[in-house]
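**Student:** One structure, pasted below without further comment.
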Amino acid sequence: MNFQLTEEHLAVKEAAKEFTQTELLPGVIERDTHAIFPKEQVKKMGELGFLGMMVDPKYHGGGMDTLSYVIAMEELSKVDASASVAMSVNNSLVCWGLEKYGTEEQKEKYLKPLAAGEVLGAFCLSEPEAGSDATSQRTEAVLNGDHYLLNGTKNWITNGSSASIYLVIAQTHPELGHKGISVFIVEKNWEGFVVGKKEDKLGIRGSDTHSLMFSDVKVPLENRIGEEGFGFTFAMETLNGGRIGIAAQALGIAAGAYELALAYSKERKAFGKPISQHQAIQFKLADMATQIEAARLLVYKAAWTKDQGEDYSQASAIAKLYASQVAMDVTVEAIQIHGGYGYVKEYHVERLMRDAKITQIYEGTSEIQKIVISRGILR
Ligand code: CAA
């Protein structure tokens, strides 16, 4: 077993770190306060290749492995989880499925601009009454000659208003339950497609989370991915990879908060010495470092398992479950080390704590990860 990162992996880490410090850090507090999507920053991420990292270069991607992707996700998430979730959705939830299951025509038309970062994608599974219970889709696509008519509402859609291309999960045969669900590529400017209200959130406030409404939207037959009835499997497989990205995001949030707390503890003096010299603080730092190291190993293991071509559903759920808990624990402790300063925006750690919470909710709650893990154990 080799725990050494390659030259390429280290170069990705360095590039992501530099981008984070120069482009994401300035303005991150303001974007969080006023819930501003990091539009210019995400555009630059596209130019630098962060939005299609794992896609084959022949479709304008970076041709990198999943480990490179999680390394970049960790670095960006140390500072701006709103930017990193846009990146995660585009890479894992949109490009991955299009590359794996799309037709050549679909890849030419949609994957290329998505992987090049010229446009952003969104993944539309959740509905007002279908969150964890993803089989309960109400959105319906009815075949009508050479197209489908799409009707319904999606909720909690990341990149909701910034995306141009949407992968939409919908029922085509409701009587067949999850085997009657299909998946379609939908363009934003099509008639009948309305971007609804933006959510005013606790964390990842810069991320644009919207509801979407479809009213008799004409979706050409050639925009269905795979056969009719393939949509649920498509969504589950996509989420297996998505969860690795969110686990990496959680890891980054934890690592970012830890680095800030460590630096602060060396500067801040109390009772005549830096607080890092007090055992009360040292024990906290030791616990945080241990949790982060364990989370990183699980995230890397999940990425590695995917790169080996093995079943990674279990590894990704374990990584997400653990890393998201670590993100919560570590960010709370980072605030505690900062004392009163940790409770104000200027010191960043309160934002990281708010951002951490979503990693236990989206792309499957912690309870959903436990279902996936326990089913894997008992299979
Ligand atoms: N990988 C591959 N296939 C899977 C799977 C997985 N992890 N989990 C289930 N499946 C397959 C099953 O094998 C089964 O297939 P067959 O019928 O062919 O045998 C089919 O899916 C149905 O499985 P279940 O009977 O187990 O379905 P269920 O109703 O019990 O639900 C669940 C299983 C794990 C709870 C699933 O519904 C689930 O993962 N829910 C959470 C959904 C979710 O993560 N939503 C997040 C929204 S996306 C988001 O947040 C994106 C964003 O914007 C950031």
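**Student:** Residues in the stretch 100-109: is at least one closer than 24 Å to Val299 by Cα and either within 16 Å of the ligand (Cβ to nearest atom) or of a type in the set (A, V, I, L, M) (or both)? Can you show your working first?
**Tutor:** Our first condition is that a residue be closer than 24 Å to Val299 by Cα; within the stretch 100-109, this holds for 100.
Next cut, either within 16 Å of the ligand (Cβ to nearest atom) or of a type in the set (A, V, I, L, M) (or both) only: 100.
Yes: one or more hits.
**Student:** Since Gly206 meets every condition but one in (1) surrounded by fewer than 24 Cβ atoms within 10 Å (Cβ to Cβ); (2) assigned to a loop (DSSP other than H, G, I, E, B), which condition does it not meet?
**Tutor:** (1)
**Student:** Within the stretch 348-375, take every residue that is charged (D, E, K, R) and surrounded by fewer than 23 Cβ atoms within 10 Å (Cβ to Cβ) and give me the one that is farthest from the ligand (Cβ to nearest atom). Outline the logic, then answer.
**Tutor:** Going through the stretch 348-375, the residues charged (D, E, K, R) turn out to be 350-351, 354-355, 357, 363, 367, 370, 375.
Checking which are surrounded by fewer than 23 Cβ atoms within 10 Å (Cβ to Cβ) leaves us with 350, 354, 357, 367, 370, 375.
On the way: Glu350: 22, Arg354: 16, Lys357: 14, Glu367: 9, Lys370: 10, Arg375: 7 Å.
Here the answer is Glu350.
**Student:** Within the stretch 145-156, which residues are touching a residue at least 24 places away in the same chain (Cβ under 8 Å) and not charged (D, E, K, R)?
**Tutor:** Scanning the stretch 145-156 gives His147, Tyr148, Leu149, Leu150, Asn151, Gly152, Thr153, Asn155, Trp156.
**Student:** Further question on the same structure: Please count how many residues of the stretch 282-339 are more than 13 Å from the ligand (Cβ to nearest atom) and touching a Gly at 6+ places or on another chain (Cβ under 6 Å).
**Tutor:** Matching residues across the stretch 282-339 total 1.
Condition check ((1) within 18 Å of the chain's Cα centre (by Cα); (2) at pLDDT below 95; (3) among the polar types (S, T, N, Q); (4) within 30 Å of Glu199 (Cα to Cα)) across all residues:
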site: Gln21; (1), (2), (3), (4): no, no, yes, yes
site: Pro38; (1), (2), (3), (4): yes, no, no, yes
site: Gln41; (1), (2), (3), (4): yes, no, yes, yes
site: Ser68; (1), (2), (3), (4): yes, no, yes, no
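**Student:** Another question, if that's okay. For the stretch 116-139, name all the residues that are among the acidic types (Asp, Glu) and either surrounded by 20 or more Cβ atoms within 10 Å (Cβ to Cβ) or at pLDDT 95 or above (or both).
**Tutor:** Listed by number, the residues that qualify are Glu118, Glu127.
**Student:** Moving to a separate point now. Conditions first: (1) within 15 Å of the ligand (Cβ to nearest atom); (2) closer than 25 Å to Asp32 by Cβ. His178 passes all but one, so which condition is the exception?
**Tutor:** Status for His178: all satisfied but (2).
**Student:** Counting only residues that are touching a His at 6+ places or on another chain (Cβ under 8 Å) and among the acidic types (Asp, Glu), give me the helices (runs of 4 or more DSSP H) lying completely in the stretch 7-103 with at least 2 of them.
**Tutor:** Result: empty, no element qualifies.
**Student:** Taking the conditions exactly as written (within 12 Å of the ligand (Cβ to nearest atom) and among the charged types (D, E, K, R)), does Glu199 satisfy them or not? Step through it out loud before you land on a result.
**Tutor:** Details: within 12 Å of the ligand (Cβ to nearest atom): yes; among the charged types (D, E, K, R): yes.
So Glu199 passes the test.
**Student:** For the stretch 140-148, check the following and say yes or no: at least one residue is buried (at least 24 other Cβ atoms within 10 Å of the Cβ), hydrophobic (A, V, I, L, M, F, W, C) and in contact with a Phe, Trp or Tyr (Cβ under 6 Å, 6 or more places away or on another chain).
**Tutor:** Yes, the stretch 140-148 contains a residue that is buried (at least 24 other Cβ atoms within 10 Å of the Cβ), hydrophobic (A, V, I, L, M, F, W, C) and in contact with a Phe, Trp or Tyr (Cβ under 6 Å, 6 or more places away or on another chain).
**Student:** For the stretch 141-199, give me each residue that is hydroxyl-bearing (Ser, Thr, Tyr), in a strand (DSSP E or B) and under 27 Å from the mean Cα position of the chain (by Cα). Before you say what the answer is, go through the steps one by one.
**Tutor:** Our first condition is that a residue be hydroxyl-bearing (Ser, Thr, Tyr); within the stretch 141-199, this holds for 148, 153, 158, 161-162, 164, 166, 172, 182.
When the remaining residues are screened for being in a strand (DSSP E or B), the result is 148, 153, 158, 166, 182.
Scanning the stretch 141-199 gives Thr153, Thr158, Tyr166, Ser182.
The values are calculated or read from the model by the stated rules, or taken from the named source; none is laboratory data. Just so we're clear, the structure is a prediction, and the values are computed from it rather than from any experiment. For neighbour counting, all protein chains shown are included, and Cβ atoms are generated from backbone atoms with ideal geometry for every residue, glycine included.
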